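Shown next, in C-alpha cells, is the structure this report addresses.
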Amino acid sequence: MDLALLRTFVTVHRAGSFTRAAALLGLSQPAVTSQIRTLERQLGRPLFLRQARGVTPTSIGDELAHKAAPHLDALVEITETGLDDESSLRTLHLAGPPEFTAERALPALTELTGEDGQAFALRASFGNAEETLEGLAAGHHDLAICTARPRGPLLTASTLCDEEHVLVAAPAWADQTGSGEETEGVSAARRAPAFEGVPVIEVHESLPFVSRYWAAVFDSRPAAPGTVIVPDLRAALACAVAGAGLAVLPRYLCASALARGDVVALHEPPVPPLRTYFLVVRTGTLAMPHIARAHEWLLRAAADWD
C-alpha cells in the first residue's frame, strides 16, 4: 500500500476535512479527494462519510487510522531526527496571546535557544484563542498557547499552567472604596457595591476579565461599563497605575507593580479566579525534534511560574 495515500488518509482523519488536510499537506483539494478515493478502491470500503461541512470517518476509517497513525508518526520522527543536524536549523512558529507569550513563553524559549546553541529559529505571532487554533490547524503555526482546549483529533493539548486574576487599582481608589479597611467577615456580595463608582479598564467592550471576576467572586455582573478600553493587558496595567480606574489582571503581569505600591489589590478572595493555559500542537508533530524540544521546555518552565 502506498505510504503517501496513508499519510493523506491520516491527515484527513485528523483534520476532519479534505480542504483543511490539503492545506496541511501542501496539496490541492482535488488531489486529496483523488488519493482518498484511490485508497477506498484498494480497500473496497468507504473510509469517510461526506457531509456538508467536512467528513466523518466510518468505522473502518477509524480502525485504519488507529492502526496506521502511530507508525506514520514514527516514520516522521525517524526522518526528522535524521535531518536535525547542525547544518539544518529548523524554524519554530509559535502563536499565542500577546501578553502571556511576550512575558512568559518567549523568554523561556529564548533561554532554551541560548542553552542549546541556537536549537531553532523562532517566529512568533499573536492572536486570540480562536485565531490561534485556526492558524495551528491550518498549518501556519507549529505550537500554540491558548485558553481554550481544542476538540477533535487534529489538535492535541497539554495543560501548561494556571494564572491568578487580581482586582487592582491605584492606591487612591483603594482609599475611596475602603479596600484598606478591615473586611474580615464581610461577604464578597457586600463588598461588590463598594466598587460600583470606580471606572473600569478593560481589553474589550464586553468586559471579559472584569465580568469573569465579578461572576466568580461576587456572583454578580459588574455595574459599571468600560471607561478605558485598550486591547492589551500591559496597557491596561499602565492605565491602572496612572489612576484611570480598576482592572482585573493576571498576577504575574502586575506582581512588580503591586510590590512597588503602584497599584494595590482591592479585594483578596479566599479562592482567586484562575484561567488555564493550554499548549497545543497538531497531532503527530511532536515527532519533529524542534517542536518536541520547545514543547517539553515550555512545560518544564511553566512548573516554576507563579
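Coordinate-derived values only; no laboratory data. These figures come from a predicted structure and were not determined experimentally. Cβ sites come from the backbone with ideal geometry, for glycine too, and all protein chains shown count toward neighbours.
The table below gives the values:
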| quantity | calculated |
| --- | --- |
| Arg212-Ile60 FRET efficiency (beta carbon distance; Förster radius 30 Å; 0.05 resolution) | 0.10 |
| Ala138-Thr91 pseudo-label distance in nm [points 7 Å out on the Cα-to-Cβ vector] | 1.7 nm |
| The range 163-275, relative contact order [Cα under 8 Å, separation at least 6], % | 47 percent |
| Leu155 long-range amide H proximity, modeled H, under 5 Å | Thr283 |
| Residues with amide H under 5 Å from that of His267, placed H, sequence gap 5 or more | Leu167 |
| Linear extension gain, Ala31 paired with His204, 0.36 nm per residue minus alpha-carbon span | 58.0 nm |
| Furthest towards positive pole of dipole, Tyr277, Ser158, Ala68, structure part the chain, Cβ charges | Ala68 |
| J(HN,Hα) series, the range 55-66, from Karplus relation 6.51 cos²θ - 1.76 cosθ + 1.60, nearest Hz, glycine and proline x | 9, 10, x, 6, 5, 5, x, 4, 5, 5, 4, 4 |
| Length-normalised contact order of the chain in % [C-alpha pairs under 8 Å, at least 6 apart] | 22 percent |
| Residues Glu111 and Arg234, FRET efficiency given R0 of 25 Å [Cβ-Cβ distance, rounded to 0.05] | 0.75 |
| For Cys161, residues with placed amide H under 5 Å, excluding near neighbours | Tyr277 |
| Shape of the range 163-275, Cα gyration tensor, a/c cut at 1.5 | rounded |
| Under 16 Å from the Thr276 label point (7 Å along Cα→beta-carbon), backbone N, the range 150-164 | 150-152, 156-164 |
| Within the chain, percent of DSSP bridges classed antiparallel, to nearest 5 | 65 percent |
| Leu75-Asp304 FRET efficiency (beta carbon distance; Förster radius 45 Å; 0.05 resolution) | 0.80 |
